[in-house]
Structures are given as C-alpha cells and as structure tokens.
1. Can you find, within region 200-216, the residue that is modelled with the lowest pLDDT among those that are assigned to a loop (DSSP other than H, G, I, E, B) and in contact with a helix residue (DSSP H, G or I) (Cβ under 8 Å, 6 or more places away or on another chain)?
2. Is region 239-260 home to any residue that is at positive phi, at pLDDT 95 or above and part of a loop (DSSP other than H, G, I, E, B)?
3. On the basis of being more than 25 Å from the chain's Cα centre (by Cα), modelled with pLDDT under 95 and either not assigned by TED's automatic domain parsing to the domain that holds residue 121 or not in a strand (DSSP E or B) (or both), does residue 268 make the cut?
4. All but one of (1) surrounded by fewer than 18 Cβ atoms within 10 Å (Cβ to Cβ); (2) under 25 Å from residue 185 (Cβ atoms) hold for residue 58; which doesn't?
5. With 213, 248 as the choices, which residue is surrounded by 12 or more Cβ atoms within 10 Å (Cβ to Cβ) and under 16 Å from residue 104 (Cα atoms)?
6. Out of 148, 175, report the one residue that is in contact (Cβ under 8 Å) with a residue 24 or more places away in the chain, over 21 Å from residue 117 (Cβ atoms) and within 21 Å of the chain's Cα centre (by Cα).
C-alpha cells in the first residue's frame, strides 16, 4: 500500500487539508504532519538554532494518522521523514490544498511549496497543490473533480531526476468552467504598496481571527516605532509569455509547473565562462 504524507501552510485545522485527506485516502495510508499555526510566506524555512518545536500526535483513525508541529511545512516534512517514516520513506508528499494561488513569483515565497521542496530534497515525489481562492471556507469541488486524474498521471509517469517538484494551481471555478490543463512556466509578478499601516481593528472589520492569518500576538510599540503589515497589490509584468502560470489560471486553465531545487542559471554560467571568469592564479 502506498504511503502518503500530507502537509500544508494554512495549519492543521484548515479545510483544504481535510479535503486533501479525503481525496487521497483511496490511494493509500495517510499521515498528516501539518503546522500548528498558519505559516504563509515562510518558503523553505525550518526551525534551526536550537529553537524549541512543539509536536503533538493528534490521534489515528482507519488509514489516517494526524500530527501537528509548531513550525513550518518544511520542518513538518523533516520531522515526518526523520521520526515517523523510520522504516520506509513516504511514496509521495502533497502540500495543500492551499487557500489561494501560488503562481508566478509568489512561488518563491510559498510555504506550501516549501513543504514540497523539502520532500524533493529527500528524493520523494512531491506536489504543491493550491486553489485560487483566499477565503477561509472555499468550495473545493473543482479540486476534487480534476486533481485525482492529474495525480494519477504524475504517479504513473514520475520523473526520477533529483530535485524536481510540481506546483499545481486550480482556478476557483465550477468544474464546467475549467477549460483544461496546461503545462506552464513560472510567471513574473511583483508587488506594489506592500507596507500598509497596521490597524488593530482590521481583523474585526474583516470578520476573521488573528490566528487565521498567522498572527499570534499584537505588537507592543516602542517610542518612535511605526508598525506596518504587508498587504500589497499584485502587478503583472510585460515580460510574461502566454504560458506563464498565473495567466493560464486567470484564463480558466489548471496550471502545472515543474520546478527544480537546482536554481543554477546554466546559460549565465556558460556566458561567465566565455567571458573568462574561470581563472588560475598559480
């Protein structure tokens, strides 16, 4: 039976994670190790430097074992590989279902993809899965409709090259509106007006709890300090090609991007070589 490890960056109580568990149960034995609290924007960060990290085994039901870890998705995957899957590594790691897209340059910050990267580092087939809906209670019907067939195809045709991991983003649409699946490249996005004044009543106005956004305390302001929050506007880039993942998702396509842990720009190192940067000093 296939062993499947699931994590996310929205926390172990997120609806997207529960949906993913239900979706993957027909494929094998499920182990969930997810953050205790929201971890968005943490990329592949892990808890180093003798940081104390709380872990709790939440229990088991038939075919499922649940844990939380008070750290990032990458740390969750590390913990699972080192301390739970001691006899045999999982066959696949899926991080998600993220509440919100991880397309374009957002992939560089994504803790959802950070969990997938950590699994790829361990040589495990890994997938980051996101729905383009940032609400706390989105409708995951479209994911249930299309992700299983994509997963099965990746499983049957897995790449054995080290460092490959997959980023799948699904539009927030009813299944009948999905136009298809497109293999894409990572698009280029940037953010403007990112730092906005922090307002203590913002959560009340928006009807959400601070903990739902990873805020576990309110700042104590010292004399002379100003407090900001990062809530900028996303801006497209004129250099994007039609196959950029965020553009395809906006057109109603499911995007699949194959990333690699090796971020070397091989064309640029060849150019530097031709320019004579490779030099002997003796």
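The values are calculated or read from the model by the stated rules, or taken from the named source; none is laboratory data. None of these values were measured; they are calculated from a predicted model. So basically every Cβ, Gly included, is an ideal-geometry build from the backbone, and we count neighbours across all protein chains shown.
1. 216
2. Yes, region 239-260 contains at least one residue that is at positive phi, at pLDDT 95 or above and part of a loop (DSSP other than H, G, I, E, B).
3. No, not satisfied.
4. (2)
5. 248
6. After applying the criteria, what remains is 148.
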